[in-house]
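Quick notes on the structure that follows.
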Amino acid sequence: MISTVLVANRGEIACRIFRTCAESGIRTVAVHSDADENALHARVADLAVRLPGAAPAETYLRGDLIVKAALSAGADAVHPGYGFLSENPGFARAVLDAGLTWIGPPPQAIEAMASKTRAKQLMGLAPLDEAEVTEADLPVLVKAAAGGGGRGMRIVRRLDELPAALEGARAEAASAFGDGEVFVEPYIEHGRHVEVQILADTHGTIWPLGTRDCSLQRRHQKVIEEAPAPGLPAALTEELYALAVRAARSVSYVGAGTVEFLVADGRAHFLEMNTRLQVEHPVTEAVFGIDLVAEQIRVAEGRPLDPEPPRPRGHAIEARLYAEDPARDWAPQTGTLHRLAVPAGVRLDTGYTDGDPIGVHYDPMLAKVVAHAPTRAEAIRRLAGALETAAIHGPVTNRDLLARSLRHEEFTSARMDTGFYDRHLPELSAPATDPHAPLAAALADAHGRSRFGGWRNVPSQPQVKRYALAGEEHEVHYRHTRQGLTADGVRVVHADARLVILEVDGVRRRYDVARYGDQVHVNATRLTALPRFPAPTAQLAPGSLLAPMPGTVVRIAEGLTEGNPVTAGQPLIWLEAMKMQHQISAPVTGRLTALHATPGQQVEPGTLLAVVQEPSS
C-alpha cells in the first residue's frame, strides 16, 4: 500500500492531487523551485523539498533532483501530474529504478505514445515530411512531438512561413518539455476537438469513461471543456470508444490516459494519446462520480477495476481562468492575486490563495471552475453565473471572455469548433464597462472622508475623481451634503468603503467595492484610480517597440542590427513569458534606428526594446 506520495509538479494539479491523498490518509511531499518557495502547493503538503540550482523554468524538468527528493523525504510513490515530466519515459524509469511506485503508465507505454510521431505510426498514420511540404498541403500544423498544452505549435498557411515556424516551435517545446522534436501534419480548419478518457488496470480491464469536447481553444490550448461531448451520433461515439481502447491495448496501457481526436464531417481523425491525467479531468469525475486520482493510486497498487465503469450522470463544464488579456493577443499578466472566490455550487481547483503573487515563470492558469448539472443547459447557466459573480481581484483575467463564450449562441447550440475564437474574439474580448462603476468606486473612497464633516453650509464645487477603465479615462463628480453623499442622475441609497447601493431610474443596483493601492474592483469591473494632477509622461520616439508583458528576451532576428531596413510585420524580437514565446514585429516599413533588447534580458511591460523609423516623405 502506498503511504507517502511525492508530486513531481506544482500549482493547481499538485494541490488537487494532495487533496485526494489527504482524504485517503496518504502523506504528501511537494517539490518547489526557489520562485515557488511560498507557493500554495509547497505550503499545503506535509513535507516540501527545494529543488536547487536550476533556473525556475527548468526546475521541474530535473528528474534526477526529483527522485533524490522523493528518497530523502521518505516517499514511496511519485505522481507526475500533467506537463513537465509527466510523459517522459526516462523519468518514469528513474522513479521505478529507485524502488519507488510510479503512479502512471508503464515507461514503455509512455515511450510508444508520448512521441506523437510514433503514436501516429502505431495507429497506422504518418506525419508529413517537413522537407516535402508543398502548397497543396497547406495549411499545416507544426507540433511538438512531446508534451502538450499548446506549446510548440504553429499554424503555417504560406510555405515561406514554415522555416520560422519550425524554429520557434522547437525552441518553445525544448523550453517546456526538454525535447525540441517537432513534426508537421495537415491542419483541419473547422473540426471539433473530442477526446475519450480511459482508465486501465493491470488485470486487462479498460474503461472508456465517456467523451469530452475541448473545441474552445486559444493558441491550441483548451479554454472550455465539457463532458460528454454534445451532439455526437451514437455510432461515432462507439467508434471513438473502440479506437481509444484499441490505442490503449496496443501499448498494454495502465492507469489514466486520454485519446484525442479531431472530428470533422462525421469522421474521427486520431491526434494523439496523452499518457497522463488531463487538465480537464474534473468534468469526467463529475459526470461519472469518481475520483480519477484515487483510481490512479488504486491501479498503481495493483487493485483491479470493476468489470464495467460506473454509469454517467448529467453534464459538466470546466472553464480555465487565466491571468491574461484576450484583447491584447492573450498577453499574460502578473501581479498579486488579492482575492479569488467563487459562489457555492461549483468546484474550484487552484494553486493560488488570496495574496499570492503571479509570476512570469510558469503557465498563467489561475484556476479551473467546474459546474455539474442534470442537463447541459443548466451546467452552462450555472458556470456562466458563477464566473460573472466571482470575486477575482488582481491582474486582468479572461473571466469576461469565458462567461461570454458560455452564453454565445454558437456554444449553447453546440455548433462550436476549434476556430471559435478566430471568428468571435473581438466581440468576446471587448471590455465590459458598467457606466456606474467609477462613481461607486469614488463614493466608497469618499466614505472615510465624509466621517470628518466634509459637507459645507454653502454650495461648493463637486468633488472629482478620475479612473482608468478599459483603456479610457472616466471622470466622476459627487458632493458631501447634510444628507450624505450625492451625485447627479442617481440616488445614493447607501455608501461605505465596501458597499455602494445606487438607485438608477427607479432600479436599485448593488456594487461591492475592494481597493488595493490604486487598483479598484467594483463587482466584476477592474478600475485604476488616477491621480488628480497626472505627472507628465515621457515622450517616446515614433515607432518605439515596447515589451507588452514581463518576460525574457530569448531571440533576436538573425543578423538584425541598428541601421537595418525592416518591413512591416517582420519578426524582430521574441519574448518568452509563462512558457510561451511571443513575437514582436516591425509596426511599419522603415529602418531600425535603435535596438536595446539583448538575448537573456529580463524585461517589464513598457520596456523599450527597439525603434523602427519610417522614411521621411
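Laboratory data are not the source of any read-out in this text; all were calculated from the coordinates shown. None of these values were measured; they are calculated from a predicted model. Positions of Cβ are backbone-derived with ideal geometry, glycine not excepted, and every protein chain shown enters the neighbour counts.
For Glu135 and Thr412, what does the FRET efficiency come to when R0 = 51 Å and r is the distance between their Cβ atoms, rounded to the nearest 0.05?
In this case the efficiency is close to 0.85.
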Point to revise | Packing-based order for 482-493, 369-380, 221-232, using average beta carbon neighbours within 10 Å, highest first | key: 221-232, 369-380, 482-493
**Study point:** Segments 437-444, 184-191, 361-368, 277-284 sorted - mean Cβ within 10 Å per residue, highest first
**Key:** 437-444, 277-284, 361-368, 184-191
Review point. Helix 234-250 versus the longest principal axis of the chain: what angle, 0 to 90°, nearest 10, using Cα atoms?
Key: 60 degrees
Check your understanding: Taking Lys465 as the anchor, which aspartates and glutamates have their alpha carbon closer than 19 Å to its alpha carbon, excluding any fewer than eight residues away along the same chain?
Key -> Asp434, Asp445, Glu473, Glu475, Asp488, Asp496, Asp512, Asp518
Exercise for review: Write down the percent of antiparallel bridges among all DSSP beta bridges whose residues are both part of the chain, to the nearest 5.
Suggested key: 90 percent
Check your understanding: For the Cα atoms of the chain, what angle does the longest principal axis make with the long axis of helix 420-429, in degrees from 0 to 90, nearest 10?
Key -> 20 degrees
Revision key, fill the gap. With Cα coordinates, the longest principal axis of the chain makes an angle with the long axis of helix 11-23, in degrees rounded to 10, of 70 degrees
Exercise for review: Would you mind listing how long the stretch 270-401 runs along its three principal axes, going by Cα atoms, in whole Å with the largest first?
Suggested key: 49, 34, 33
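If you scale each eigenvalue of the Cα gyration tensor by 5 and take the root, what three semi-axes come out for the stretch 121-266, rounded to whole angstrom and sorted largest first?
Sorted largest first and rounded, they come to 28, 18, 15 Å.
What fraction, in whole percent, of alpha-carbon pairs in the chain exceed 41 Å separation? Mind dumping the intermediate values first?
Numbers: 58402 of 190036 pairs.
In whole percent, the long-distance tail amounts to 31.
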Exercise for review: Counting only C-alpha contacts under 8 Å and six or more residues apart, can you give the relative contact order of the chain as a whole percent?
Suggested key: 9 percent
Study note, to complete from the structure: Filtered hits (lysines, Cα-Cα < 19 Å from Lys116, offset >= 8 within chain) -> Lys143, Lys222
Exercise for review: Using only alpha carbon pairs under 8 Å that are at least six residues apart, calculate the relative contact order of the stretch 114-186 and give it in whole percent.
Suggested key: 36 percent
Check your understanding: If we count every other residue with Cβ under 12 angstrom of Ile13's Cβ, Lys/Arg +1 and Asp/Glu -1, where does the sum land?
Key -> +1
Review point. For the stretch 594-607, what does the Karplus curve 6.51 cos²θ - 1.76 cosθ + 1.60, with θ = phi - 60°, yield as ³J(HN,Hα) per residue in whole Hz, taken in order and with x for Gly and Pro?
Key: 8, 9, 9, 6, 9, x, x, 5, 8, 10, 9, x, x, 5
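In deg cm²/dmol, rounded to 500, what helix-only [θ] at 222 nm does the chain give when every DSSP H run of at least 4 residues adds -39500 (n - 2.57) and the total is split over its residues?
Values: 16 runs with 158 residues, N = 617.
Using -39500 (n - 2.57) per qualifying helix, the result is -7500 deg cm²/dmol.
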Exercise for review: Based on the mean of other Cβ atoms within 10 Å per residue, sort peptides 174-181, 157-164 so the most packed one is first.
Suggested key: 174-181, 157-164
